[in-house]
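The values are calculated or read from the model by the stated rules, or taken from the named source; none is laboratory data. Owing to the predicted nature of the structure, the values given are computational and were not obtained by experimental measurement. FYI the Cβ positions are ideal-geometry reconstructions off the backbone, even for glycines, and counts take in every protein chain you see.
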Amino acid sequence: MNLEKKFEMIRTLTAVVISLLVGFLIILLVGREPVQTIFYFVLGPVTKFRYLGNVIELAIPLIFSGLATALLFTSGLFNLGSEGIFYFGGLLAAIVGITLRLPSFIHPLVGILTSALAGMAVMAVIGFFKARYNASELVISLMFNSILYGVGLYILNYNFRDPSVSGFASLKLQTTALLTNIIPRTRIHSGLLLALAMAGFCHVFLYHTKWGYEIRMQGLNFKFAEYAGMKPAKIILLTSLLAGALAGMGGAVEISGMYERFRWAALPGLGFDGALIAMLAKNKPLNVIGAAVFLAYIRIGADLMARMTDIPSEMIYILQAVIILLISGRRFLENYRQRALIREVEKNG
């Protein structure tokens with residue numbers, strides 16, 4: 001492991017530890033039973049097999065979100081359009097599950113493919129404006145989140161809403177459109193296998209193909225990539241298409257695997273979580289798996305803590321904010337990095 005990788009690992013772990021210590025301090029200050037509260041938060045998810053299942057269930061969509069955002073960040077694009085695509089992709093998968101009659105093996109795959117293609121179409125528009133006019137991909141992607149949410153809400157409310165159900169919900173998906181459960185006594189579904197396969201695919205694509213090399217080089221040094229003959233417009237479009245497909249798949253997998261109806265009355269927040277996961281994973285596809293499981297673990301722990309004690313689960317957002325602030329701060333642990341670099345130079349003479 002070279003010095004830079006070691007530094008980034010230490011930097012990320014330090015940020016996580018500091019955020020957890022901040023959380024513990026808040027619990028000690030405001031909690032009536034701080035020891036019990038910390039126990040539920042830290043160890044609660046491993047006290048029952050069902051809770052561990054909840055961690056994996058929550059990690060599945062987070063893996064898709066993290067992969068989509070990591071690809072975009074690797075290429076130097078700050079695009080947060082995964083959020084709207086997650087919502088719209090889930091809605092399209094639900095529509096396919098409601099309207100089409102297909103065999104049980106093919107039905108969910110058609111829903112996932114439809115959502116992936118829709119995600120690619122949306123990201124292609126965002127990528128086109130970035131590549132052709134150098135428009136801010138952040139602004140366009142955030143605008144598309146609102147557009148997709150509004151259009152999706154209209155389609156659901158006026159075409160597929162179930163009037164017999166209280167609240168905001170679609171008609172029931174056909175059972176053939178639902179992903180199969182793969183671990184008894186949990187709701188862990190076959191979408192987990194697809195998420196792991198996509199993580200492996202993204203790793204191979206980024207680190208063992210010509211296109212992946214070009215994406216990484218453009219993210220590291222745009223001017224060098226352009227001078228070396230790489231085509232920025234092609235790279236932007238390619239990355240956008242792949243990220244859109246992953247985000248669309250994530251929305252479809254979440255709806256087909258965890259729900260029998262489409263029930264998202266608001267944007268689910270899963271797309272925005274991808275930014276945090278990509279930061280924790282340092283944009284490495286295989287690291288995304290661990291980062292997604294970690295985030296899912298502390299969220300399930302926070303949920304158990306809120307149910308068993310007097311501390312609300314919203315405390316988890318404080319931890320997330322501290323992690324983002326420390327990891328995104330360029331000067332965090334910079335003195336440590338400089339001293340380590342000097343020691344390495346002196347050691348090698």
**Asked** In the stretch 247-298, how many residues are closer than 19 Å to ILE95 by Cα and under 11 Å from the mean Cα position of the chain (by Cα)?
**Response** 3
**Prompt:** Among the residues of the stretch 98-143, which ones are surrounded by 18 or more Cβ atoms within 10 Å (Cβ to Cβ) and not in a helix (DSSP H, G or I)?
**Reply:** none
**Prompt:** So which pairs qualify, if the first residue must be in the stretch 261-288 and free of Cβ contacts under 8 Å to residues at least 40 places away in the same chain, the second must be aliphatic (A, V, I, L, M) and assigned to a helix (DSSP H, G or I), the Cβ gap must be under 8 Å, and the two must be at least 6 apart or on different chains?
**Reply:** ASN287/LEU280; ASN287/ALA281
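Rundown of residues vs (1) free of Cβ contacts under 8 Å to residues at least 12 places away in the same chain; (2) of a type in the set (A, V, I, L, M), yes/no style:
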residue	(1), (2)
LEU193	yes, yes
LYS210	yes, no
GLU214	no, no
GLN218	no, no
PHE222	no, no
GLU226	yes, no
MET230	no, yes
LEU237	no, yes
LEU241	no, yes
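Could you tell me which of the residues LEU276, LEU179, LEU220, LEU237 is aliphatic (A, V, I, L, M), surrounded by fewer than 24 Cβ atoms within 10 Å (Cβ to Cβ) and within 23 Å of LEU113 (Cβ to Cβ)?
Working: LEU276 fails: within 23 Å of LEU113 (Cβ to Cβ); LEU179 fails: surrounded by fewer than 24 Cβ atoms within 10 Å (Cβ to Cβ); LEU220 fails: within 23 Å of LEU113 (Cβ to Cβ).
Unique residue meeting the criteria: LEU237.
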**The lone exception for ALA177 - which of (1) at pLDDT 95 or above; (2) more than 28 Å from SER256 (Cα to Cα); (3) touching a Ser or Thr at 6+ places or on another chain (Cβ under 7 Å) it fails** = (2)
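Return the residue satisfying two criteria in turn: it lies in the stretch 4-63 and is of a type in the set (Ser, Thr, Tyr) and under 24 Å from the mean Cα position of the chain (by Cα), and of such residues it is farthest from ARG185 (Cα to Cα).
The residue in question is THR14.
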**Message:** Out of THR74, THR37, I need the residue that is touching a residue at least 40 places away in the same chain (Cβ under 8 Å), buried (at least 21 other Cβ atoms within 10 Å of the Cβ), of a type in the set (Ser, Thr, Tyr) and closer than 18 Å to ALA281 by Cβ. Which one?
**Reply:** THR74
